[in-house]
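Participant: The structure is given below, and queries will be raised subsequently.
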Amino acid sequence: MTSGLAQVISSGILLPASFLQSGFFVILSAFVAINTIVYFALAVAKILPKVYLVDWIRGANRRSETRSIRPNAPIIGEVEEHVERREDDGRHRAGSDRAQ
Amino acid sequence: MRMGRFDRAVGVVIGATALGGALLLWFAVASGGLTPAKQPTEGFVVGVWTVFYNTQAPPPQAILVAIAVGLLLAAGLALLERRVSNRSRRSTDGQLYPLAAKLVMEQTRGVFAGPVTLTVLIPAYNEEDLLAGTLTSLLAQSRRPDRVIVVADNCTDSTVAIARQRGVEVIQSQGNTKKKAGALNQALTAILPRQGDNDLVMVMDADTRLDDGFLAAAVTRFTDDRALMAVGGLFYGQEGFGLLGQFQRNEYIRYAREMKRRRGRVFVLTGTASIFRPAALRAVAANRGATIPGTPGDVYDTAALTEDNEITIALKSLGALIVSPTDCTVVTEVMSTVRTLWRQRLRWQRGALENIGAYGMTPATLRYWAQQLGLGYGVIALGAFTLLTLLMFVSVDTWVWFPFWLGLGSVFVAERVFTVWKGGWRARALAITIVPELVYDLFLNTVHVKGTIDITFGRKAAWGRAPEKRRRQ
């Protein structure tokens, strides 16, 4: 087994294994390592559910009048919230359809 | 006027900034007093197989700093984008932001301009093979359009006859040399003056099939929000075309997921199917040559290679509220060969760069600059990763396992699979194998570099009219 390990250290396919100890390779691997961790953090953020700060900070986002084309229509919240609300409605409808 | 500030220099700015960032990191790493990796350790799996492994991992401080940098960049950009869009929407500066929600609300308060109507424009250039199917899907929508107009541009086939046969109107372009954007401008000049505030105009491609419910959902949104200026379709790829098709479908699924997580905040109002309030189109035409680039009076910028991306930036620049809801979906064609995919993506990339080059660095284009910069840096990062992998392969003759990096790698695999989950088992199977999608990313990166080089050296792009369509016949 010791000879196997020695072989790993002493020989490569195209470049000598000592290349892995060279300054360029060490810097390159550290450069790639840091980039990989940055992209890793972004990948985790993409998997996890997104947190919407604006949901907790209302106030300025609250609507004070209807935005409908009909002046007397009821008030609905932010456009994005509106999008979400409709999707929720859709899901509920789909759920109740399935239940029937 | 702020137009033309960058033009060809856009490629240099993006390339130099991405490279500068990478060099900065490289020198920071080099000055850190690094030591070569430890020799691998010998071990056994199930007491039988001999394996070599290396437990070396970066110092915890470096890991934490890298994670913090990644998350802060992403969150900072998201917050900045949000702030820019909120500021323009709430602006009362009618000169700079004539479409700001606050102003539109004031102008239309207490006024009922009639119920929402829908006029669909379908620009078509020799689309006889696909037009009939498009019209069928359009007319079968639960909320039928009130008017359908095929904008026939220099057609030499039976496009016009097919349109008339299906009972829809036809406008034939006159002496148009500016392709799709020119033909649309002619049609819009004819119809816009008669459109009221709620008489919506939809522009859709002749090869696009709308999912049912698209028009109903969009009309509801425009009814509920008189400040809403445009709704863009969310596209996903058609079935077929094997592995190449699946690569593109996975890409579109991830884009749709991202749109949903952004709660519909649009990157691009797709040319495949987008609906506009007439006030938005009129404002764009009125402001061209003044606060936004283009020829005064033109709705679409005929100089833009990607006119849908350009009109999105134009609307955002004017403060318009635009969304891409998840229930407005369209099926778009996928490129059937590597060659056509190359051409399509090169056109998109070149168009995106030209657009931000023409607008310069403005609050509305900030997100697009950041996106290009992210793509540019991604080219370097993926290139460095590929180089490192290759160098390791040719320098060692025995496989060495790195548990730390394997752990990280498994998270990347999870992310790839998770983000295409909705695409079914084919999408997941492709994602879990990682390497093919990595190769596809390298392909897209090559397109990115080629596009950036082309624009820098001012190489003239000879873009044909969707050659892939004709090939499919």
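Where a number appears in this text, it was derived from the coordinates with a stated rule and is not lab data. Owing to the predicted nature of the structure, the values given are computational and were not obtained by experimental measurement. Quick reminder, even Gly has a Cβ in these numbers, built from the backbone with ideal geometry, and neighbours come from all protein chains shown.
Participant: Taking 26 Å as the cut-off for C-alpha to C-alpha distance, list the pairs among A:46/B:422; B:179/B:316; A:50/B:422; B:178/B:260; B:102/B:178; B:102/B:316 that go past it.
Facilitator: Going by Cα-Cα distance, B:178/B:260; B:102/B:178 fall outside the 26 Å limit.
Participant: Taking 0.36 nm per intervening residue step and subtracting the Cα-Cα distance, what contour gain separates residue A:48 from residue A:73 on full extension?
Facilitator: Working: separation 25, 0.36 × 25 = 9.00 nm, distance 3.72 nm.
Gain on stretching residue A:48 to residue A:73: 5.3 nm.
Participant: On to the next question. Using the beta-carbon distance between residue B:64 and residue B:414 and R0 = 25 Å, what value does 1/(1 + (r/R0)^6) give for FRET efficiency, to the nearest 0.05?
Facilitator: 0.75
Participant: In nm, what is the difference between 0.36 nm times the number of residues separating residue B:16 and residue B:192 and their Cα-Cα distance?
Facilitator: Length gained, residue B:16 through residue B:192: 59.0 nm.
Participant: Could you let me know the centre-to-centre spacing of region B:284-309 and region B:132-185, using Cα atoms, in angstrom?
Facilitator: Answer, in whole Å: 23.
Participant: Between residue B:261 and residue B:7, what is 0.36 nm times their sequence separation minus the Cα-Cα distance? Round to one decimal in nm.
Facilitator: Using 0.36 nm per residue and subtracting the Cα-Cα distance, I get 88.2 nm.
Participant: Here is a further query. Roughly how tilted is helix B:366-395, in degrees to the nearest 10 and between 0 and 90, from the longest Cα axis of chain B?
Facilitator: Between helix and principal axis, roughly 30 degrees.
Participant: Compute the long axis of helix B:214-224 from its Cα atoms, compare it with the longest principal axis of the Cα atoms of chain B, and write down the angle in degrees, 0 to 90, nearest 10.
Facilitator: With rounding to tens, the tilt is 70 degrees.
Participant: Counting Lys and Arg as +1 and Asp and Glu as -1, what is the net charge of the other residues whose Cβ lies under 9 Å from the Cβ of residue B:197?
Facilitator: My count for the surroundings of residue B:197 gives +1.
Participant: Using C-alpha positions alone, give me the convex hull volume of region B:104-195 per residue in cubic angstrom.
Facilitator: Cα convex hull per residue, to the nearest whole number: 117 Å³.
Participant: Here is a further query. When the Kirkwood radius is taken over all Cα pairs of region B:110-255, what Stokes-Einstein diffusion coefficient follows at 37 °C and 0.692 mPa s, in µm²/s?
Facilitator: Numbers: Rh = 16.6 Å.
Value of D from the Cα-based Kirkwood radius: 197 µm²/s.
Participant: Cα convex hull of chain B: mean projected area in nm², to one decimal?
Facilitator: Here the figure is 25.8 nm², rounded to one decimal.
Participant: Here's something else I'd like to know. Based on the Cβ-Cβ distance of residue B:212 and residue A:22, what FRET efficiency does E = 1/(1 + (r/R0)^6) give at R0 = 60 Å, to the nearest 0.05? Mind dumping the intermediate values first?
Facilitator: Numbers: r = 62 Å, r/R0 = 1.03.
After rounding to 0.05, the efficiency reads 0.45.
Participant: Hey, what angle do you get for helix B:179-191 against the long axis of chain B, alpha-carbon based, 0 to 90 degrees rounded to 10?
Facilitator: With rounding to tens, the tilt is 40 degrees.
Participant: Roughly how large, in nm² to one decimal, is the mean projection of the convex hull of the alpha-carbon atoms in the protein assembly as shown?
Facilitator: Value for the protein assembly as shown: 30.8 nm².
Participant: Charges at C-beta only: +1 for Lys and Arg, -1 for Asp and Glu. How large is the resulting dipole of region B:212-362 about its Cα centre, in Debye rounded to 20?
Facilitator: Dipole of region B:212-362, to the nearest 20 debye: 400 debye.
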